[in-house]
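K.L.:
Mind looking over this structure? Questions follow.
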Amino acid sequence: MPLLDVFTMLVMTAAASFAMATAMAVVRPEAREGVGLWALALVLHGSCYALYALRGQIPDAASVVLANTLLTGVFALMLAAVEQFHGRPLPWWRMALPVALGLLLFGWFAGDYRARQIIVGTLGPAQLALVLWALWRPLAPAQPRGAWLLSASVLAEVLLMLGRGALALSRHMDNAGLLQISPTQAAVFVLAFVTIILASLGLLLMTKDRADAANRHLASHDALTGLANRRTLVQALARDMAHAVRIRGPYALVLLDIDHFKTVNDTRGHRAGDQVLRHVAGVLAARLRRQDLPGRYGGEEFLVLLPGTDLAGALQVAETLRQAVQDTPCPQPDGPIAVTISLGVCAARPHAPGCGEALIDAADRALYAAKQAGRNRVQHGPAPECPADAG
């Protein structure tokens, strides 16, 4: 069976690295997620393999020392890219130390091919182990598909380097030079070609999955407060109504409004008004149960969905929220802003999915009554009559 030409594989690996680097530079996201650093690593990788291909035609200082040192730089930049993806500071000493050590060792053993394979088989896996550790620790990435693809590619490269280093250490290598054709060389460079592409695609997939998750969050949450938006609240209410009808359980909701919010905007400015909205949203989210859903219903109005809650429980929740907002002024550089809210509560045992709209209407009337009674209070209304044809 004919063996693959080593020179051709080296050139193809270099070309693939440069092409992938160009692609990643073009699709680089606005956020610093490591794609730019990874593209730079690919440039170094392509340069490394181009220098390998010129072995014997250019001085060994370039094709041996510089080329192998560039390879350690590739792994250092991969580590930097993963750390940047996670939003962590770059680990400069963990990046620079292996590169400096590689430059020293490859320069010292420039004429000893076997020793260089042992160095690559030791230093490379150690650097790539740092990449894997940074990828999965201390917390696993929220984008596991790309992380698994990247990890599998890196692990394959680690195993190959360890195996090649072990063969060199045991003097069982089937070649004595980089450009000599052998089954080992063919396997090494084919795998190097494949793993650098798959690892790069893994990082791109991680950034894509993160962007998709961010877009889904933006579509379902209010940009200012971070709470559920009106569309999400309406969808959740419809889903909850169907479940409540099925189990014949209680359901309640609270509609609340920030008192005198226009005055805050007029006297302290719209930026202060935005801070008040965020502040109230944070107070609500901090004092609700996991199953409850708070959201911004519109303007300075918030809606809180309370599944499995009867009127007494809803009134207790509403009073807790009212007291918490009253007792927690919104901090501002020019002095805190005292904030109060008025709340309308309604609860029922829905018998048809259409009860959701009736509950909101009843809570809205109760909220209006709370405002008319002087604000900063909780008011509840009677259970609504659901449409007979609802559902």
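K.L.:
For V254, state whether it is part of a helix (DSSP H, G or I), open to solvent by less than 50 Å² (accessible area, probe 1.4 Å) and in contact (Cβ under 8 Å) with a residue 24 or more places away in the chain.
P.N.:
Working: part of a helix (DSSP H, G or I): no; open to solvent by less than 50 Å² (accessible area, probe 1.4 Å): yes; in contact (Cβ under 8 Å) with a residue 24 or more places away in the chain: yes.
Spelling it out, it is not the case that V254 is part of a helix (DSSP H, G or I), open to solvent by less than 50 Å² (accessible area, probe 1.4 Å) and in contact (Cβ under 8 Å) with a residue 24 or more places away in the chain.
K.L.:
Now, a different point. What single numbered condition from (1) in contact (Cβ under 8 Å) with a residue 40 or more places away in the chain; (2) open to solvent by less than 40 Å² (accessible area, probe 1.4 Å); (3) more than 29 Å from A140 (Cβ to Cβ) fails to hold for R268?
P.N.:
Status for R268: all satisfied but (2).
K.L.:
Could you say whether any residue in the stretch 334-348 is within 41 Å of the chain's Cα centre (by Cα), open to solvent by 20 Å² or more (accessible area, probe 1.4 Å) and among the hydroxyl-bearing types (S, T, Y)?
P.N.:
Yes, the stretch 334-348 has at least one match.
K.L.:
While we're on this one: Filter the stretch 210-244 down to the residues that are in a loop (DSSP other than H, G, I, E, B) and open to solvent by less than 60 Å² (accessible area, probe 1.4 Å) and list them by number. Even if it seems obvious, please write down each step before you answer.
P.N.:
The initial filter retains those residues of the stretch 210-244 that are in a loop (DSSP other than H, G, I, E, B), namely 222-227, 229.
Scanning the stretch 210-244 gives D222, L224, T225, G226, L227, N229.
K.L.:
Here are A168, A176: which of them is modelled with pLDDT under 85, small (G, A, S) and outside any helix (DSSP H, G or I)?
P.N.:
On the way: A168 fails: outside any helix (DSSP H, G or I).
Only one candidate qualifies: A176.
K.L.:
Quick one: which residue in Q291, Q275 is open to solvent by 40 Å² or more (accessible area, probe 1.4 Å), part of a loop (DSSP other than H, G, I, E, B) and touching a residue at least 12 places away in the same chain (Cβ under 8 Å)?
P.N.:
Answer to the check: Q291.
K.L.:
Can you name every residue in the stretch 140-172 that is of a type in the set (K, R) and closer than 23 Å to G87 by Cα? I'd like the intermediate steps shown before the answer.
P.N.:
Let us first name the residues in the stretch 140-172 that are of a type in the set (K, R), namely 145, 164, 171.
The answer is R145, and nothing else.
K.L.:
Just give me the residues in the stretch 136-164 being assigned to a helix (DSSP H, G or I), closer than 16 Å to L205 by Cβ and touching a Leu at 6+ places or on another chain (Cβ under 7 Å), in sequence order.
P.N.:
Once the filter is applied, which keeps residues that are assigned to a helix (DSSP H, G or I), closer than 16 Å to L205 by Cβ and touching a Leu at 6+ places or on another chain (Cβ under 7 Å), the stretch 136-164 yields R145, G146, A147, L149, L150, S151, S153, V154.
K.L.:
Do we have A142 as of a type outside the set (D, E), open to solvent by 10 Å² or more (accessible area, probe 1.4 Å) and modelled with pLDDT under 85 here?
P.N.:
Values: of a type outside the set (D, E): yes; open to solvent by 10 Å² or more (accessible area, probe 1.4 Å): yes; modelled with pLDDT under 85: yes.
Yes, satisfied.
K.L.:
State the number of residues belonging to the stretch 214-242 that are more than 17 Å from I360 (Cβ to Cβ) and touching a residue at least 60 places away in the same chain (Cβ under 8 Å).
P.N.:
Initially, the stretch 214-242 is screened for residues more than 17 Å from I360 (Cβ to Cβ), giving 214-226.
From what is left, the residues that are touching a residue at least 60 places away in the same chain (Cβ under 8 Å) are 222, 224-225.
Looking only at that region, the number is 3.
K.L.:
Take the residues in the stretch 358-379 that are assigned to a loop (DSSP other than H, G, I, E, B) and in contact (Cβ under 8 Å) with a residue 60 or more places away in the chain; name whichever of them is most open to solvent (accessible area, probe 1.4 Å).
P.N.:
Filtering the stretch 358-379 for residues that are assigned to a loop (DSSP other than H, G, I, E, B) and in contact (Cβ under 8 Å) with a residue 60 or more places away in the chain, the one most open to solvent (accessible area, probe 1.4 Å) comes out as R375.
K.L.:
Then there is this: Is the stretch 75-91 home to any residue that is outside any loop (DSSP other than H, G, I, E, B), under 21 Å from V190 (Cα atoms) and of a type outside the set (D, E, K, R)?
P.N.:
Yes, that holds for at least one residue.
K.L.:
Would you check if there is a residue in the stretch 201-208 being in contact with a His (Cβ under 8 Å, 6 or more places away or on another chain) and either more than 30 Å from D361 (Cβ to Cβ) or of a type outside the set (D, E, K, R) (or both)? Let's see the steps before the verdict.
P.N.:
Filtering the stretch 201-208 down to residues in contact with a His (Cβ under 8 Å, 6 or more places away or on another chain) leaves none.
No, because not a single residue in the stretch 201-208 is in contact with a His (Cβ under 8 Å, 6 or more places away or on another chain) and either more than 30 Å from D361 (Cβ to Cβ) or of a type outside the set (D, E, K, R) (or both).
K.L.:
OK, next. Do you know which residues across the stretch 316-357 are out of contact with any strand residue (DSSP E or B) (no Cβ under 8 Å at 6 or more places or on another chain) and either in a strand (DSSP E or B) or of a type in the set (D, E) (or both)?
P.N.:
Matches in the stretch 316-357: D327, D334, E357.
K.L.:
Still on this model: Could you give me the residue pairs with C-beta distances under 8 Å whose first residue belongs to the stretch 45-65 and is among the β-branched types (V, I, T), whose second residue is assigned to a helix (DSSP H, G or I) and surrounded by 14 or more Cβ atoms within 10 Å (Cβ to Cβ) wherever it lies, and which are 6+ apart or on separate chains?
P.N.:
Within 8 Å, the pairs are I58/L51; V64/F106; V64/R116; V65/L103; V65/F106; V65/G107.
For every residue, the table says whether it meets (1) open to solvent by 30 Å² or more (accessible area, probe 1.4 Å); (2) over 23 Å from T122 (Cα atoms); (3) at pLDDT below 95; (4) among the basic types (K, R).
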{"residue": "R28", "(1), (2), (3), (4)": "yes, yes, yes, yes"}
{"residue": "A31", "(1), (2), (3), (4)": "yes, yes, yes, no"}
{"residue": "G34", "(1), (2), (3), (4)": "no, yes, yes, no"}
{"residue": "L54", "(1), (2), (3), (4)": "yes, yes, yes, no"}
{"residue": "I58", "(1), (2), (3), (4)": "yes, yes, yes, no"}
{"residue": "T69", "(1), (2), (3), (4)": "no, no, no, no"}
{"residue": "F75", "(1), (2), (3), (4)": "no, no, no, no"}
{"residue": "M78", "(1), (2), (3), (4)": "no, no, no, no"}
{"residue": "L104", "(1), (2), (3), (4)": "yes, no, no, no"}
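K.L.:
For I118, work out the one condition from (1) open to solvent by less than 40 Å² (accessible area, probe 1.4 Å); (2) aliphatic (A, V, I, L, M); (3) touching a residue at least 40 places away in the same chain (Cβ under 8 Å); (4) assigned to a helix (DSSP H, G or I) it doesn't fulfil.
P.N.:
Evaluating I118 over (1) open to solvent by less than 40 Å² (accessible area, probe 1.4 Å); (2) aliphatic (A, V, I, L, M); (3) touching a residue at least 40 places away in the same chain (Cβ under 8 Å); (4) assigned to a helix (DSSP H, G or I) leaves (1) as the failure.
The values are calculated or read from the model by the stated rules, or taken from the named source; none is laboratory data. Keep in mind that this is a model prediction, so the values were computed, not measured. Every residue, glycine as well, gets a Cβ built from its backbone with ideal geometry; the counts of neighbours run over all protein chains shown. Areas reflect the complete protein model, heavy atoms only, side chains present, ligands, DNA and RNA absent. Shrake-Rupley method; radii C 1.70, N 1.55, O 1.52, S 1.80 Å.
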